[in-house]
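Undergrad: The structure that follows is given in the form of C-alpha cells.
The values are calculated or read from the model by the stated rules, or taken from the named source; none is laboratory data. Just so we're clear, the structure is a prediction, and the values are computed from it rather than from any experiment. Neighbour counts are summed over all protein chains in view; Cβ atoms, including those assigned to glycine, are modelled from backbone coordinates with ideal geometry. Just so you know, the surface numbers come from the protein's heavy atoms only, side chains and all, with ligands and any DNA or RNA stripped out. Shrake-Rupley method; radii C 1.70, N 1.55, O 1.52, S 1.80 Å.
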Amino acid sequence: MPRASDSAYNEIKSWVQQGEVPPGALIDEAETAKRLGISRTPVREALLRLQAEGFVEIGRGKGIRVLPLSSTDMREIYQVISGLEMVAVSVLGRSRPSSEQLETLFEAVRRMETAIGDGNVSAWGDADEMFHRELMRLSGNRKLYEVGCQMRDFALRAHMVALRLQTDEYRKASTDSHAELIRLILSRSGTVAAECHFKQRLRGEDALVGVVDKFHISSL
C-alpha cells in the first residue's frame, strides 16, 4: 500500500501535468489536504518533493506556486531527452530485438494512427508519450529510463500544450517517423537508427518549440 505522501505526490503532480492547476497558480496546502482526505503532513512532504523536482516553488510567506516553463526550458529539456533516446535506440538496435519484443512500440503507433483518424489530439499525445517511454525502457538501461521519465514528466504539460497547437500534418508525419524508427531498429542497424532518430528529434524540437514561439506563449 503506497504511503500517503506518495499518493499525494502522484495526485498533485498529475494536476500540474494535466493543467488542472495552471502554471503560476498557487496551491493551498490545507485545501489540498482536505481534497485528498489526508493530513497536511504528507501533503507538505509531497510538495517538498515536487519543489526539488522543479514543479513548484515554495516561497516564504508567498504560498506554493506552480512553476511555468519557458520555450527555452522546453528546448533544453528536449535536448536532454534526445540525447538519452539516441543512446536507447543505439543500445536497442545492437540487442537485435524481435518484432514481438517491440510490440509495445507497434501498439503505440497503432494508437497514434487511430487517434489521427478520430481527430483525438489528446489520445495521440498519450500514445506518443507511451512510445518514447517504451523506447527508453526497452533499452534495458534502468538509469537511462529513470532519468528519461523524470525529464518527460517535467515537460509533459508543456509538451501537450505544444502538440495541441500543431497541425494534423505534423502528427501524421511524426507517426510515420515513429513507424520508420521501428523498422530501422529491426533492420539490425543501431547506428543508422540512432542517427535518423536524432534528426527526427531535432525536427520535432524545432516544430514544437517553434509553434510556442509563433503564438507568443511566454510560459507553459
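Undergrad: In segment 116-189, which helices (runs of 4 or more DSSP H) lie fully inside it and hold 1 or more residues that are of a type in the set (S, T, N, Q) and either crowded, with 18+ Cβ neighbours inside 10 Å or touching a helix residue (DSSP H, G or I) at 6+ places or on another chain (Cβ under 7 Å) (or both)? Step through it out loud before you land on a result.
TA: On the way: elements: 121-137, 142-165, 168-186.
Qualifying helices (runs of 4 or more DSSP H): 168-186.
Undergrad: Return yes or no: is E169 without any contact (Cβ under 8 Å) to a residue 12 or more places away in the chain and charged (D, E, K, R)?
TA: Working: without any contact (Cβ under 8 Å) to a residue 12 or more places away in the chain: yes; charged (D, E, K, R): yes.
So E169 fits the description; yes.
Undergrad: Let me ask you something else. For segment 28-61, what are the residues that are among the aliphatic types (A, V, I, L, M) and either open to solvent by 80 Å² or more (accessible area, probe 1.4 Å) or in contact (Cβ under 8 Å) with a residue 60 or more places away in the chain (or both)?
TA: Step one: filter segment 28-61 for residues among the aliphatic types (A, V, I, L, M), giving 30, 33, 36, 38, 43, 46-48, 50, 52, 56, 58.
Hits for segment 28-61 are L48, A52.
Undergrad: When you go through (1) open to solvent by 20 Å² or more (accessible area, probe 1.4 Å); (2) over 20 Å from the mean Cα position of the chain (by Cα); (3) touching a residue at least 24 places away in the same chain (Cβ under 8 Å) one by one for I64, which number turns out not to apply?
TA: (1)
Undergrad: Have a look at R152, R201 and point out the one that is among the basic types (K, R), modelled with pLDDT under 95, within 17 Å of the chain's Cα centre (by Cα) and within 13 Å of M86 (Cα to Cα).
TA: Details: R152 fails: within 13 Å of M86 (Cα to Cα).
Exactly one of R152, R201 is among the basic types (K, R), modelled with pLDDT under 95, within 17 Å of the chain's Cα centre (by Cα) and within 13 Å of M86 (Cα to Cα), namely R201.
Undergrad: For L208, all conditions in the list (1) over 25 Å from S95 (Cβ atoms); (2) within 17 Å of the chain's Cα centre (by Cα); (3) open to solvent by 30 Å² or more (accessible area, probe 1.4 Å) hold save one; what is the number of the exception?
TA: (3)
Undergrad: So how many residues does segment 76-94 have that are open to solvent by less than 70 Å² (accessible area, probe 1.4 Å) and charged (D, E, K, R)?
TA: Counting residues in segment 76-94 that are open to solvent by less than 70 Å² (accessible area, probe 1.4 Å) and charged (D, E, K, R) gives 1.
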